[in-house]
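Student: The structure that follows is given in the form of structure tokens.
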Amino acid sequence: MKKVLVLCTGNSCRSIIAEALINAFLEGVSAKSAGVNAKGKVNENAKKVLENKLGKKSNPEQFAEIEFL
């Protein structure tokens, strides 16, 4: 299994989206995301993008147990 670390500033939008899309669509690849100044919560627009691309209704609780670095 290949591992990918997606880094950005706040780890609330771009890296979250990249992690989710990599994990959803790339076989044999496991992604995690992190930020140099992590916000600790997922951006509302990121949730909308994931709902659109992955067809899942997201809610804040589903991200509660994820440790954002």
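The values are calculated or read from the model by the stated rules, or taken from the named source; none is laboratory data. Computed from a predicted model, the values in this text were never measured in an experiment. When we count neighbours, we look across all protein chains shown, and the Cβ atoms used for this are built from the backbone with ideal geometry, even at glycine. Side chains included, ligands, DNA and RNA excluded: accessible areas come from the protein's heavy atoms. Shrake-Rupley method; radii C 1.70, N 1.55, O 1.52, S 1.80 Å.
Student: Mind checking the range 23-57 for trypsin sites (Lys or Arg not before Pro) that DSSP puts in a loop (not H, G, I, E or B) and that have at most 16 other Cβ atoms within 10 Å? Display every interim value, and only then the final one.
Tutor: On the way: sites: Lys32, Lys39, Lys41, Lys47, Lys48, Lys53, Lys56, Lys57; in loops: Lys39, Lys41, Lys56, Lys57.
Qualifying residues, ordered by number: Lys39, Lys41, Lys56, Lys57.
Student: Ser33's amide H: which non-local residues (gap 5+, or another chain) put their own amide H closer than 5 Å, with H modeled 1.01 Å from N in plane and none for Pro or chain starts?
Tutor: So Ser33 has HN proximity to Val6.
Student: Determine the share of the range 1-53's accessible area contributed by carbon and sulfur atoms, expressed in whole percent, with a 1.4 angstrom probe.
Tutor: Details: 1880 of 3510 Å².
Heavy-atom surface of the range 1-53 belonging to carbon and sulfur, 1.4 Å probe: 54 percent.
Student: Right, something else. Using all C-alpha to C-alpha distances in the range 1-56, build P(r) with 10 Å bins and read off the rounded percent in each one.
Tutor: 26, 52, 22, 0
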